[in-house]
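Asker: Encoded as structure tokens, here's the structure I'll be asking about.
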Amino acid sequence: MLTSNYPAPIEDFEAYIKWAGDKDTKAQRQGWVRELEAGKNPFTDEVLKKLQ
């Protein structure tokens, strides 16, 4: 059930979580999904710098 303003990214990340084999990456995406479901943007400046 998607109740946030971010249904498409949530669906994408959930699909990735099912596919990914790396536990750390899965945990990171699960955290992003929780933030998105809460209506928050998980991509802070700090997160974006780590992803570069």
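FYI, it's all coordinate maths here, none of it is from the lab. It should be emphasised that the depicted structure is a prediction, and the values quoted were computed from it without experimental measurement. Ideal geometry is used to build each Cβ from the backbone, glycine not excepted, and the neighbour counts take in all protein chains shown.
Asker: What number comes out for the charge environment of residue 7, summing +1 per Lys or Arg and -1 per Asp or Glu over other residues with Cβ under 13 Å away? Present the calculation step by step, with values, prior to reporting the outcome.
Answerer: Numbers: positive: none; negative: 11, 12, 14, 37.
Cβ neighbours under 13 Å give a net charge of -4.
Asker: If you don't mind, another one. So what is the relative contact order of the chain, in percent, for Cα pairs below 8 Å that sit 6 or more residues apart? Could the numbers behind the result be given before it?
Answerer: Working: 30 pairs, mean separation 21.7, N = 52.
Once divided by the residue count of the chain, the mean separation gives 42 percent.
Asker: Which number comes out as Rg/Rh for the chain once both Rg and the Kirkwood Rh are worked out on C-alpha atoms? Write down the numbers at each step before the final one.
Answerer: On the way: Rg = 11.0 Å, Rh = 11.4 Å.
With Rh from the inverse mean 1/r over Cα pairs, Rg/Rh is 0.97.
Asker: Next up: Roughly how many debye, to the nearest 20, is the charge dipole of the chain about its Cα centre, given +1 on each Lys and Arg Cβ, -1 on each Asp and Glu Cβ, and no other charges? Don't jump to the answer; show the numbers that get you there.
Answerer: Numbers: 8 positive and 9 negative charges, 27 e Å.
Charge dipole, the chain, about its Cα centre: 120 debye, nearest 20.
Asker: Please give the calculated 222 nm ellipticity per residue for the chain, where each DSSP H segment of at least 4 residues contributes -39500 (n - 2.57) and the sum is spread over every residue; nearest 500 deg cm²/dmol? Write down the numbers at each step before the final one.
Answerer: On the way: 3 runs with 35 residues, N = 52.
Estimated from H runs of four or more residues: -20500 deg cm²/dmol.
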